[in-house]
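A.B. asks: Let me give you the structure first, and then I'll get to my questions.
What follows is calculated from the coordinates using simple rules that are stated; it is not laboratory data. These numbers were taken from a predicted model, which means no experiment stands behind them. Cβ coordinates were reconstructed from backbone atoms using ideal geometry, including for glycine residues, and neighbour counts include every protein chain displayed.
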Amino acid sequence: MTPLLDIQGLSIDYLTPHGPVHALRGIDLTVERGEVLGLVGESGSGKSSLISSMMALLPANARLDGSLHFEGRDIAAMGERERRQLRGDGIASIFQDPFTALNPVVAIGTLLVEVQHHKRELSRREKKARAVDMLTRVGISDPEHRLRQYPFELSGGMRQRVAIAAALLTDPTLLIADEPTTALDATTEAQIIDLLRQTRSMVQGAIVFVTHHLGLVAALCDRVAVMYAGEIVEIGPVTSIFAAPQHPYTRALLECDPAMLRDVARRLPTIGGTVPDLHELPAGCAFAPRCPTACTACVQTPAPVVASAGGGWARCHRLAS
């Protein structure tokens, strides 16, 4: 069966006055129907560039090489009209900041009707009825009243529920959730996580969940792709990677995540060093300068891809030796 999303050899450079920024390098990734895929990595790892390419939202200074196919269609070859249609009824997104994701001068009801613009077979009354039903499904009480309110009248958690409702009303085949709990307090975050679990049954195709919170990946995802300096360094089933991470960077991420710390008395470790400059990447493994097990080959040559448990793989010289 053809994957819902098929990305092969994807590289993206951003042209700047100081030279190209190598945001993504040689990304190979498939997303199957029915799965939830987690994308994790530090800031600057390439997560945002990857999901922007999925939604055909790259800026004008981006230069793309490789292929992206959604439901067999070449995203890079689409015209602007076809791309807008793709974002209207194929791919939907939930952004991380509910305070800026919604237009403050557009009433909730107007927003939720307008996101259904591609459903020409429905009347405005029917679209409003669907909006009321969806607000109820995402846990918003008195939905008829909420339709008349504006985003600034709602709390952060309520705004994020509205954003989730707006995404689901498009009946997306692929839902991209970009750090959807980052701007929320702990209590509201827990409520939105429960809602995201329920969202899985409302999406016809697949979900890509972008986060730095590994505990959320463990709770919500089937597979996880770990990104570093524009590359996927490890990918595989969540159970396999959390039980036995193969790449040194994946192990380091798990060790320094508070949610994964078993011994609360133990000092939380950190990853030494800094992410490399994406203008001038090292010749070998990008993680080598920070890796405690790096060898000469790691510094001099790119890391090979080595198969791991559950159909996954990792890029590491140590695994190949």
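A.B. asks: Which FRET efficiency value, to the nearest 0.05, do you get for R197 and T30 by plugging their Cβ-Cβ distance into 1/(1 + (r/R0)^6) with R0 = 30 Å?
C.D. replies: Values: r = 24 Å, r/R0 = 0.78.
It comes out at approximately 0.80.
A.B. asks: Checking the a/c ratio against 1.5 first, then a/b against b/c, what shape does the Cα gyration tensor give for the chain?
C.D. replies: Working: a/c = 2.05, a/b = 1.57, b/c = 1.31.
Prolate is the answer for the chain, as a/c is 1.5 or above and a/b outweighs b/c.
A.B. asks: Which FRET efficiency value, to the nearest 0.05, is calculated for S155 and T293 with the Förster distance at 45 angstrom and r the Cβ-Cβ distance? Working shown, then result.
C.D. replies: Working: r = 46 Å, r/R0 = 1.03.
Given R0 = 45 Å and the Cβ-Cβ separation, E is 0.45.
A.B. asks: Counting only other residues whose beta carbon sits under 14 Å from that of S48, what net charge do I get with K and R as +1, D and E as -1?
C.D. replies: Values: positive: K47; negative: E42, D97, D178, E179.
Net local charge, S48 excluded: -3.
A.B. asks: Separation between the L64 and S43 pseudo-spin-labels, each 7 Å from Cα along Cα→Cβ, expressed in nm?
C.D. replies: Modelled inter-label distance: 2.6 nm.
A.B. asks: Between the range 175-222 and the range 37-55, what's the alpha-carbon centroid distance in Å?
C.D. replies: 15 Å
A.B. asks: Could you tell me the relative contact order of the chain? Use alpha-carbon pairs under 8 Å, at least six residues apart, and round to a whole percent. Show your work: numbers first, answer last.
C.D. replies: Values: 585 pairs, mean separation 64.0, N = 321.
Result for the chain is 20 percent.
A.B. asks: Assuming 0.36 nm per residue, please report the length gained on full extension of the stretch E80 to R251 beyond their Cα-Cα distance.
C.D. replies: On the way: separation 171, 0.36 × 171 = 61.56 nm, distance 4.12 nm.
Extra length available between E80 and R251 comes to 57.4 nm.
A.B. asks: Suppose we keep just the DSSP beta bridges with both residues in the chain; what percent of those would be antiparallel, to 5?
C.D. replies: Working: 28 of 45 bridges.
Here the share of antiparallel DSSP bridges comes out near 60 percent.
A.B. asks: Compute a Gaussian network model of the chain, connecting alpha carbons closer than 10 Å, and tell me which residue from A186, A288, A76 fluctuates the most.
C.D. replies: Most flexible of the set in this elastic network: A186.
A.B. asks: While we're on this one: So what J values fall out for the range 231-238 if you push phi through Karplus, 6.51 cos²θ - 1.76 cosθ + 1.60 with θ = phi - 60°, rounded to Hz, Gly and Pro as x?
C.D. replies: Each residue's phi maps through the Karplus curve to give 10, 8, 9, 7, 8, x, x, 4 Hz.
A.B. asks: Between E126 and D185, what is the FRET efficiency for a Förster distance of 45 Å, r being their Cβ-Cβ separation, to the nearest 0.05?
C.D. replies: Working: r = 36 Å, r/R0 = 0.80.
According to the calculation, E is roughly 0.80.
A.B. asks: Just to confirm a number: summing +1 for Lys and Arg and -1 for Asp and Glu over residues other than H247 whose beta-carbon lies under 10 angstrom from that of H247, what do you get? If you can, show how the numbers build up before the last one.
C.D. replies: On the way: positive: R251, R315, R318; negative: E234.
Computed value for this residue: +2.
A.B. asks: Multiplying the sequence separation of H118 and N103 by 0.36 nm and subtracting their Cα-Cα distance, what value in nm do you get?
C.D. replies: Numbers: separation 15, 0.36 × 15 = 5.40 nm, distance 1.96 nm.
Gain in length upon complete extension: 3.4 nm.
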